[in-house]
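Let me begin by presenting the structure, written as structure tokens, before commenting on it.
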Amino acid sequence: MNRNDRAITGFTMAGHSMVHIYELSIPILMTVWLVEFPVTSATLGTVVAVGYGLFGVGALPGGLLVDRFGSRRLIVACLFGMGASFLLLGVMPGVGGIAVAIAVWGLAASVYHPAGLALISNGVEERGSAFAYHGMAGNVGIASGPFVTALLLLAFDWRTAATVLAVPALAAAVAGLTVEFDESAAVAAADGGEAPTTEIDSVREFLTASRGLFTASFLIVFVLVLFNGLYYRGMLTFLPGLLGDFLDPLLDVAPEEGIGLVSDDRVGSEFDLSRYLYAGLLAVGIGGQYVGGRLTDAIQPERGLAIMLAALVTIALLFVPASRTLPTLLFVSVALGFALFAMQPLSQATIANHSPAEHRGLSFGYTYLAIFGIGALGASITGAVLTYGSPTAVFLLLAGFAAVALVLALSLVVQIKTGP
């Protein structure tokens, strides 16, 4: 990587990790709020869901803002906004205050993915490596957010913990104002020294840009990432509980068989162990992000997508049978963490391949609306199947989501082979 590549990669790595640290700190804080405030899980879940929904829905207008104002400004604003939201969380009273603070976080965080990914796509020449490191930083945030929040709650009350959590984002925002890089270096080099620019100033221009963006191939990519989003949110939302259900019988029979994994008076519970396994699965995703990013430089991203989606289909089909023994459950969990997050740099590179540089922010806005906004329905759909069906039905549903995405990825591969 050259100096510009390294500066952009470091800047976006910091932003990406911050977004996911805050995203995954909220469920830990919820366990305290349920005790402190006279609310039900359903009510508090709805309050938090508003913020998570804005995190996805805001990606589209965020993409428009990126194309107009540039990525640096949007990422710095995102970092300041996330820090401010947790300062609000520390001082605003009651559940209503929590709702406002989390909504502010969702709006601020929503602009990050279109801004960060457009910055890498347009500014970094070694795009695959940058996507790999960027994704790894996101997984560090995913894995460390719950852990850091839990440690802070051991030492402080939740309001103080929220205030302390605000500091890293504010510090990163200040640093982001000073770091030097060229946002369009890679595109300018590819176009002979001139980077394409565009501004969308009206609804008509937005519709015109959207029609130009949604070519046949981009529409395929849009639907592909939508189904991957359904798989991602559906899988990760309910996996901790499912892992607990799978671990219960395995740990109960262990003492009788002389394996000695647990004892009757052990500290903790199977549910606690399932959370450790879940955290480990997320940590494995760091390696998956790196491998997926390197693959984007070695093979066509569309081909890599097809490979990883085939793996996700297979993992979903094998998960319940593999849960019958502890070694196979551990193996399939590790495989899931690796493949699920190896998808991300491959899908990001594919989005970049099938969208024009002048509307790169808009393209990531649309696709992250699909992944995090529409994809959030994966949690509702999977929850309904789990309520009225069985774990087997859940994993069959998830395999179906990945299978649809696989067919679409294969169509892109065929389209590239037969194209001019």
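Once the C-beta distance of residue 248 and residue 393 is scaled by a Förster radius of 25 Å, the resulting FRET efficiency is 0.85 to the nearest 0.05. Our summary gives the chain a relative contact order of 26 percent, counting only alpha carbon pairs under 8 angstrom and 6 or more residues apart. Computed from point charges on the beta carbon alone (+1 for Lys and Arg, -1 for Asp and Glu), the dipole magnitude for the chain about its Cα centre is near 600 Debye. Size descriptors for the chain: radius of gyration and Dmax over Cα atoms are 21.5, 71 Å. Calculated over region 99-140, the projected area of the Cα convex hull averaged across directions stands at 3.3 nm². Extension gain, residue 37 to residue 417: 0.36 nm times the residue separation minus the Cα-Cα distance gives 130.9 nm.
Between region 105-162 and region 334-408, the C-alpha centres lie 19 angstrom from each other.
Here region 213-418 is treated with +1 on each Lys and Arg Cβ and -1 on each Asp and Glu Cβ, and its dipole about the Cα centre works out to around 920 debye. Pairwise alpha-carbon distances in region 213-418 exceed 23 Å for 47% of all pairs.
Remark: region 23-34, residue by residue, has Karplus-estimated 3J(HN,Hα) of 4, 8, 7, 4, x, 5, 5, 4, 5, 7, 4, 5 Hz, where x stands for each Gly or Pro and the curve is 6.51 cos²θ - 1.76 cosθ + 1.60 at θ = phi - 60°.
Placing +1 on each Lys and Arg Cβ and -1 on each Asp and Glu Cβ, with no other charges, gives region 3-191 a dipole about its Cα centre of roughly 240 debye.
Considering only GluC sites (Glu not before Pro) in DSSP loops that have at most 13 other Cβ atoms within 10 Å, the longest stretch of the chain without any of them is 1-179.
A Förster radius of 35 Å, combined with the Cβ-Cβ distance separating residue 175 from residue 210, puts the computed FRET efficiency at roughly 0.50. Note on 100, 35: ascending count of other Cβ atoms within 10 Å places them as 35, 100, the fewest first. In loop segments of region 283-339 as defined by DSSP, the trypsin sites (Lys or Arg not before Pro) with at most 14 further C-beta atoms inside 10 Å of their C-beta are 324. Using all pairs of distinct alpha-carbon atoms, the Kirkwood hydrodynamic radius of region 3-191 works out to 16.8 angstrom.
The residue 299 and residue 68 beta-carbon pair, evaluated with R₀ = 45 Å, returns a calculated FRET efficiency of approximately 0.85. Between the listed residues 274, 107, 206, the Cα displaced farthest toward the positive end of the dipole of the chain, a dipole computed from Cβ unit charges relative to the Cα centre, is found at 206. Counted by neighbouring Cβ atoms within 10 Å, the residues 412, 79 run from fewest to most as 412, 79. Taking every pair of alpha-carbon atoms in region 328-374, what share in percent sits in each 5 Å bin, from 0 to the bin with the longest distance? Reading the bins upward from 0: 5, 18, 20, 19, 13, 10, 8, 4, 2, 0.
Full extension of the segment from residue 325 to residue 377, taken as 0.36 nm per residue of separation minus the current Cα-Cα distance, would add 15.6 nm. Label-to-label distance, residue 384 versus residue 160, with points set 7 angstrom from Cα along the beta-carbon direction: 4.6 nm. What the Cα convex hull of region 271-352 gives, in volume per residue, is 83 Å³. Each principal axis of the Cα cloud of region 66-112 was taken in turn, and the coordinate range along them, longest first, works out to 38, 13, 11 Å.
No value in this document is a laboratory result; all are computed from the given coordinates. For clarity, every value in this text was computed on a predicted model and none was experimentally measured. Cβ atoms come from the backbone with ideal geometry, glycine included; neighbour counts cover every protein chain shown.
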